1. Mind listing the phi-derived Karplus ³J(HN,Hα) values for the range 217-230, rounded to whole Hz, using 6.51, -1.76 and 1.60 with θ = phi - 60°, and x for any glycine or proline?
2. For L120, what residues show an amide H to amide H distance below 5 Å, using hydrogens built from the backbone and excluding near sequence neighbours?
3. Taking the Cβ-Cβ separation of D696 and R489 as r and a Förster radius of 60 Å, what is the calculated FRET efficiency to the nearest 0.05?
4. Arranged from highest to lowest average of other beta-carbon atoms within 10 Å per residue, in what order do the peptides 151-157, 506-512, 411-417 appear?
5. If contacts are Cα pairs under 8 angstrom and at least 6 residues apart, what is the relative contact order of the range 453-538 in percent?
6. Given only helices, namely DSSP H runs of n ≥ 4 each adding -39500 (n - 2.57), what is the per-residue ellipticity at 222 nm of the chain, to the nearest 500 deg cm²/dmol?
7. Name the shape class, rounded, prolate or oblate, that the alpha-carbon gyration tensor gives for the range 557-601, where a ≥ b ≥ c are the square roots of its eigenvalues, rounded holds for a/c under 1.5, and otherwise prolate holds if a/b is larger than b/c and oblate otherwise.
8. How far is the Cα center of the range 694-745 from the Cα center of the range 150-199, in Å?
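The values are calculated or read from the model by the stated rules, or taken from the named source; none is laboratory data. Everything quoted here is computed from the prediction, not taken from an experiment. Positions of Cβ are generated from backbone atoms using ideal geometry, with glycine treated the same way; all protein chains shown enter the neighbour counts. Ligands, DNA and RNA are excluded from the accessible area calculation, which covers all protein heavy atoms including side chains. Shrake-Rupley method; radii C 1.70, N 1.55, O 1.52, S 1.80 Å.
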Amino acid sequence: MPVPPTIAAAFLRAHRGRGLAAGVSLVALLGAAPAPGQSAAPGSTVVLDELVVEADRGTGTAAPPGAPPATTSEAEAKRRLAATPGGTQVIDRGDVAGRADVSIADTFRQAPGVVASSFLGGSDQPKIHIRGSGLQSNPTERGLLILQDGLPLNRADGSYIVGLIDPRLADFVEVYRGYTANRLGATVLGGALNFVSPTGSGSPGATIEVEGGSFGYARTQVQGGGRQGDRDAFVQYSYGQRDGYRAWNGSDRLVFSANAGARLSETVSTRLFFGWTDLGFEVAGPLSWQRMMADPRQAAPGPVVVNGVATEPGPNAVRDKPRRDTEQARLGSRTTATFGAHVVDVAVGWTNTDDTFRFPVGTGYRITEGGDLTTSLRWAYQPDKSAALPLFETTALYVTGRADRTYANNVRGTHTTTFGSNTLAADTLSVWSGFNLPVGAVTIAPAIAYMSATRDNTDTWAYARRPTVNAATGATGSVAAADTGFARRYEAVNPSLALLHTIAPGNVVFAAVSRSFEAPTFDDLLEASGGTANTSPTGFTTPNLKGQSAVTAEAGWRGSLGRVAWDVVVYRSWLDDELIRTTTVSGAITTVNADRTTHFGIELGGRVQLTDRLSARLAYTYQDFRFDDDPRYADDRIAGAPRHVVDATLRYTVDPRLWVEGEVRWVPDRTPVDNANTLFAAPFAVVNARARYRHDATWSGFVEVRNVFDTNYAASTLTIGRATRPDQAAFLPGDGRAFYVGASARF
């Protein structure tokens, strides 16, 4: 059943568009101050941390008196992840300081192995993957486990809507690449991202941020909280909107979240969570390369007739007005009990999602509403309290969900006749157990994971025929309706073995061999089909897909020496039945299993303090994802994966209050748009510049210029099986030159 409207939700809707005033009202009602929240790592606790002043993460200098201090939560997360034999990282809010319009793509620029790029413009629907898992899935994504404070945002079938996440509301983000996410209950190949919210126990006060700039962008964020004795509370509000770089490219997002914690006894602590997100954005659609080079700001016009011949095949965004509107409510609790060497963590969460996606006419409206219940049980045995990881830990995660889905025809942006309805039910259970056995300077980490998943679809369409429509002529018709119901079950056992050798404190090498498994989502298993750029679907495809599995070998080294720090991982995965998702010229999407594929990659992160004032950071990702003797694509590269992605930053600290920074994202090699490797996106480099000034403990501000040289480039592309012609509309332009300013006040 849907979650009933809440007082908070009603308040937010009433104040939508009033940004700053609404946020200030919330702080006045609910209190003061940000501090880190809950790690997803098994064995981590939810106790109220003591106040510990650390370095200010925005400037790299000691926080002045009165500035919000950090608690130990982030430091503990870094310690745990650094001791994990695999690809891990912690990203804190200092990594996005001085930036406006921060999207998922901006958040992970300095995270090697996490490849995120703008897909539809701004923060609405970025495209993200780790090690190729979910590379081709959009607009609803899979391949990653997305958590907030240790509770999954994924639906029961594994899908998630990445645009619902406002990364600026996280105090820090935990990154688990590959098999390391299994310990959180993940049943995906890519990994997991945990967005950790601030709590009220670490920083008394309040924060107000405002920023704005090019393309009609404006955003307000207000957050505050406080602590009294063994209880604390924290509240956050943000509202952002933009008209967009392109025509039909506007977006807005409103987020409200709150959490409250209490120490019930010396051994038991609990925390409650609430969140509400309201997201809406327009979809400008893909352009042909020639059209993008001529004018990247236009919306996709659909096929263009030249001398009686249709050219530039693709969806018509000008006529069909594709758009997405999503609301999601989240409730959750997490309770931790410590008994000597034993830590037990119990979490329960509920999400209700109402998602309406108006695709072009070839797919039509897809309306999904339903809820998902998550139950998580974690136990850790840690006799050595000084150890970064428990001696033994286990996690059980169960997610069950049900949703009603309706399909309707889209005629020039208008919801017309319904042509399908389904009830979707999914269950996913994962159980993981593993040891961290110290043998001198070596830690041996054997583990095993079990997963079971069901995907059941009941066709509730009660009529013998399905209506059709031609958006170009207005003609209507109908086709015979076939039953689309199915029941699928997936099951897998995934062992792993890892070794970690501590060369010196903070300097480790590791190696691991693991198996992973991922079941398809409903978006893979049920697709509207038969539509074109001008006509509606004529039915559905329900492929009997297998789950994709992989065996991965990886090795890495992370450490530091003097002014230099590094983190490098090399991996190779052998995949069976990889889920390959492609888009047709009309915008319709289909998923198939590839027989065998291989993924090889290098993930390199580094930083160096060149002088006392000059520092540099680098994130480099190499990806070589290929079919393996495929009957259709031989050994071609899998579409959508750039071979090299370089993000480099150079920062000069003028004085403790002011720094300036230059940044470049460089994709030096062309990227295949289709799996047959006949159409490519060109290499590009985009330069950004910014400066941040901290006037005192209260006031700070920044200026930023994005895409300094106004480069015209494809930020991402559709992924196609085989491009039939070079003028295919498949390229999604990145934003042009943009100017932003922002200011914040902390009290």
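1. 7, 8, 8, 10, 9, 10, 8, x, x, x, 9, 9, x, 9
2. Q125
3. 0.50
4. Top to bottom by mean Cβ count within 10 Å: 151-157, 506-512, 411-417.
5. It rounds to 30 percent for the range 453-538.
6. Value at 222 nm, helices only, nearest 500: -1500 deg cm²/dmol.
7. Oblate, because a/c is 1.5 or more while a/b does not exceed b/c.
8. Value for the Cα centre distance between the two parts: 24 Å.
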